[in-house]
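Heads up, the thing below is written out as structure tokens.
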Amino acid sequence: MTSNSQPLLGKVALVTGGTRGIGAAIVRRLASDGADVVFSYAASMDQASAIAQEVEAMGRRALAIRADQADAVEVTALVREAHAAFGRLDILINSAGVFVTGSVDDADADLAAFDHQIAVNVKGVATAVRAAVPLLSDGGRIVSIGTTGAVHVPFAGAADYIASKAAVAAYSRGWARDLGPRGITVNVVQPGAINTDMNPETGDFAAMLSGLAALGRYGQPQDIANAVAFLAGPDASYITGATLNVDGGQLA
């Protein structure tokens, strides 16, 4: 039974990359909405433990699992362990990602970094979805974190990153068709400039990025978490194959 204050009560969510920035905000918001949350982390066990304790302090169950999002075997095991831990899986949030820049005319481009970015941002998401599909409850939710850069390119050198996120948006539109008969919705939230460790509102590009938004400021991780929670909740049951820009009205 759910309530207006906890619309996800009784649901189990898996959030990849759930210990920092946007991912951590999503974990907290889903737990606040009543979900039990499994989340992955790449390196910091201490940080993961702290997030898990926050969730448990809300009265929800939490489980942190270390997984390399670039490793298909580990991602598949993550999804299966999440389902086994709490006996069901209702929501998959693909938040883990890496951001690597480089101009297409750079003769010294780091091709290994390019491959790793594709492995995490595209293959890691596709692997998680494929592993989750047979385990997800009918009427479940899949939400991936993209970027408004897939629509509005704010600066040079971001093509590889943007392409990786655009691929996920295209995948999601296709998956929405595949999974529609089961009532599983598949959507993408595309952040603009969000205040995180990777892109702080006090950084070198902050003034330029803030100026691109109609609201004239950065967003906060909670702004993205709010959008994800909506798409993961019961009020979004007729929204699928969509991309939701959360960017303060990005103009270019």
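Things to note:
- All conditions but one from (1) open to solvent by 60 Å² or more (accessible area, probe 1.4 Å); (2) touching a strand residue (DSSP E or B) at 6+ places or on another chain (Cβ under 7 Å) apply to Leu111; the one that does not is (2).
- Counting only helices (runs of 4 or more DSSP H) that sit completely within the range 156-235, those holding 2 or more residues that are among the hydroxyl-bearing types (Ser, Thr, Tyr) correspond to 159-179.
- Qualifying residue in the range 182-189 (condition: out of contact with any strand residue (DSSP E or B) (no Cβ under 8 Å at 6 or more places or on another chain) and open to solvent by 50 Å² or more (accessible area, probe 1.4 Å)): no
- Close pairs (8 angstrom Cβ cut-off, 6 or more residues apart or separate chains): farther than 13 Å from Ala163 by Cβ and in a helix (DSSP H, G or I) in the range 133-153, open to solvent by 20 Å² or more (accessible area, probe 1.4 Å) and of a type outside the set (Gly, Ala, Ser) anywhere: Thr148/Asn245; Thr148/Asp247; Thr148/Gln250
- Scanning the range 1-23 for residues that are of a type in the set (Gly, Ala, Ser) and touching a helix residue (DSSP H, G or I) at 6+ places or on another chain (Cβ under 6 Å) gives Ala13, Gly17, Gly18, Gly21.
- Residue satisfying all of: in the range 162-181; touching a residue at least 24 places away in the same chain (Cβ under 8 Å), more than 20 Å from Leu89 (Cβ to Cβ) and over 15 Å from the mean Cα position of the chain (by Cα); surrounded by the fewest Cβ atoms within 10 Å (Cβ to Cβ) among these: Arg177
- Residues located in the range 34-52, provided they are open to solvent by 10 Å² or more (accessible area, probe 1.4 Å) and outside any strand (DSSP E or B): Ala42, Ala43, Ser44, Met45, Asp46, Gln47, Ser49, Ala50, Ala52
- No other residue among Asp138, Asp106, Asp90 is modelled with pLDDT under 95 and either closer than 24 Å to Leu179 by Cα or open to solvent by 20 Å² or more (accessible area, probe 1.4 Å) (or both) apart from Asp106.
- Count of residues meeting criterion [open to solvent by 50 Å² or more (accessible area, probe 1.4 Å), part of a helix (DSSP H, G or I) and farther than 11 Å from Ala131 by Cβ] in the range 53-84: 5
The values are calculated or read from the model by the stated rules, or taken from the named source; none is laboratory data. From a predicted model like this one, the values you see are computed outputs, not experimental measurements. Every residue, glycine as well, gets a Cβ built from its backbone with ideal geometry; the counts of neighbours run over all protein chains shown. All accessible areas refer to the heavy atoms of the entire protein, side chains included, with ligands and DNA or RNA removed. Shrake-Rupley method; radii C 1.70, N 1.55, O 1.52, S 1.80 Å.
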